[in-house]
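Enquirer: Shown below is the structure under consideration.
The values are calculated or read from the model by the stated rules, or taken from the named source; none is laboratory data. Because the structure is a prediction, the values reported are computed rather than measured. Every residue, glycine among them, receives a Cβ derived from its backbone with ideal geometry; neighbour counts consider all protein chains shown. Side chains are part of the model used for accessible areas, which takes the heavy atoms of the whole protein and leaves out ligands, DNA and RNA. Shrake-Rupley method; radii C 1.70, N 1.55, O 1.52, S 1.80 Å.
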Amino acid sequence: MSDGEFERVALVGLGLIGSSIAWAAKRAGLAGHIIGTARSEQTRQTSLRLGFVDSIANTPAEAARNADLVILCTPVGTYGGLAQEIQAALKPGAIISDVGSVKTAVVRDIGPFVADGVHFIPAHPVAGTEYSGPESGFAELFDNRWCILTPPPGADRAAVRQLSRFWERCGSNVDFMTPEHHDLVLAVVSHLPHLIAYNMVGTAADLEQVTQTEVIKYSASGFRDSTRIAASDPTMWRDIFLNNREAVLEMLGRFSENISALQRAIRWGDGEALFDAFSRTRAIRKKIIEAGQDTAEPDFGRTARKTPGKPAS
Ligand code: NAP
């Protein structure tokens, strides 16, 4: 097997990301056999029925046994326990990776359970939707999206290349960073926006004089577009904030300073300051679209997907 291909791939966790990896790997012919496992029997059976795994295992250790590539696709808070559980089952030469949205904590939690001869290469595909579960995945999720690898110093170069090619052939553009830098960048581009979206929806829900019906009825005025991600999985996001605390708090501090500046401009009628701030952000938003990282459509080009394995129409 060469160039990003693996004889046996084990996926621990078969939700949005696990199922999308399986669909993408099948599309590109990257795995001789895909074995998957999840916490519940229901998810395991659904995955088998949908056909993105070739077989299922009842435990993570059973899935990891004899696998050439094992990817943890569960919430970040489970990684330490799972790494310990599969430690003895991993064969020498196997690659263990993950998809966690934070990296410093992942290295801290998985690192101690990686035996000599096993290659640990953390990864984060920066791609997602607000949907969860085995039916939400599709092969195109990673197309033209970044996947960030954070190999530890001295990592086996051939193993890093194999995993990097795997992600490229799943459709991703691959980038490399240290775990610390990754966490800082993601705090800005992902974690803080989610926190703000959760807070905006929470704030609206707290207002007694604005009924829920009104929030839904008038949501096209901005609320809808800026709060779509507030529907994201609560377990996953709890784990992200608990495991990227420092970077998120740092970014939250800066955000608070900026919002205070805007508050001040509004209070003092400083139209010039507001216009300058909005012009600057408008230009940044245009660059995101030009970089192919989003569409200009108000629903961000994503509507509910109907067929498992197929992208949103
Ligand atoms: P998801 O759709 O909620 O799926 C999570 C999967 O993990 C489910 O199959 C669940 O099994 C399984 N699971 C949970 N705890 C487990 C355990 N202790 N042992 C075995 N399986 C367990 O979540 P997701 O969106 O795919 O996210 C998974 C990971 O990807 C997270 O670490 C997240 O940080 C990362 N990520 C997510 C996104 C995104 O936008 N969603 C993007 C990039 C990276 P059951 O179904 O049986 O409960």
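Enquirer: Within region 121-135, does at least one residue satisfy the condition of being more than 15 Å from the chain's Cα centre (by Cα), assigned by TED's automatic domain parsing to the domain that holds Gln45 and closer than 22 Å to Lys103 by Cα?
Expert: Looking through region 121-135, at least one residue is more than 15 Å from the chain's Cα centre (by Cα), assigned by TED's automatic domain parsing to the domain that holds Gln45 and closer than 22 Å to Lys103 by Cα.
Enquirer: I'm checking my understanding of the structure. Among residues of region 141-153 that are in a loop (DSSP other than H, G, I, E, B) and closer than 28 Å to Leu48 by Cα, which one is nearest to the ligand (Cβ to nearest atom)?
Expert: Here the residue is Arg145.
Enquirer: Follow-up. Looking at region 130-140, which of the residues that are hydroxyl-bearing (Ser, Thr, Tyr) and open to solvent by 20 Å² or more (accessible area, probe 1.4 Å) is nearest to the ligand (Cβ to nearest atom)?
Expert: Ser132
Enquirer: I'm checking my understanding of the structure. Among residues of region 171-192 that are assigned to a loop (DSSP other than H, G, I, E, B) and not hydrophobic (A, V, I, L, M, F, W, C), which one is most open to solvent (accessible area, probe 1.4 Å)?
Expert: So the residue we want is Thr178.
Enquirer: Looking only at region 149-204, how many residues end up being at positive phi and in contact with an Asp or Glu (Cβ under 7 Å, 6 or more places away or on another chain)?
Expert: 1
Enquirer: Considering only region 34-55, how many residues are free of Cβ contacts under 8 Å to residues at least 60 places away in the same chain, more than 8 Å from the ligand (Cβ to nearest atom) and closer than 14 Å to Cys73 by Cβ?
Expert: 4
Enquirer: Which one of the conditions (1) under 30 Å from Lys26 (Cα atoms); (2) part of a helix (DSSP H, G or I) does Glu130 fail to meet, given that it meets all the rest?
Expert: In the conditions (1) under 30 Å from Lys26 (Cα atoms); (2) part of a helix (DSSP H, G or I), Glu130 misses (2) alone.
Here is a yes/no grid of residues against (1) in contact with a Pro (Cβ under 9 Å, 6 or more places away or on another chain); (2) open to solvent by less than 50 Å² (accessible area, probe 1.4 Å); (3) near the ligand (Cβ under 10 Å from one of its atoms):
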position: Tyr79; (1), (2), (3): no, yes, yes
position: Thr104; (1), (2), (3): yes, no, no
position: Ala115; (1), (2), (3): yes, yes, no
position: Gly128; (1), (2), (3): no, yes, yes
position: Ala155; (1), (2), (3): no, yes, no
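Enquirer: I've got another one for you. Scan region 90-99 residue by residue and report those that are out of contact with any Cys (no Cβ under 9 Å at 6 or more places or on another chain) and either within 12 Å of the ligand (Cβ to nearest atom) or at negative phi (or both).
Expert: Within region 90-99, Leu90, Lys91, Pro92, Ala94, Ile95, Ile96, Ser97 qualify.
Enquirer: Output the qualifying pairs, or none if there are none: Cβ atoms under 8 angstrom, residues six or more apart or on different chains, first residue in region 203-216 and closer than 12 Å to Thr227 by Cα, second residue surrounded by 11 or more Cβ atoms within 10 Å (Cβ to Cβ) and among the β-branched types (Val, Ile, Thr).
Expert: Within 8 Å, the pairs are Ala204/Val210; Ala204/Val215.
Enquirer: Just the residues that are within 11 Å of the ligand (Cβ to nearest atom) and open to solvent by 10 Å² or more (accessible area, probe 1.4 Å), please, taken from region 1-33.
Expert: Scanning region 1-33 gives Gly15, Leu16, Ile17.
Enquirer: Condition (residue is in contact with a His (Cβ under 8 Å, 6 or more places away or on another chain) and closer than 21 Å to Pro125 by Cβ) applied to region 38-51: is it met by at least one residue?
Expert: no
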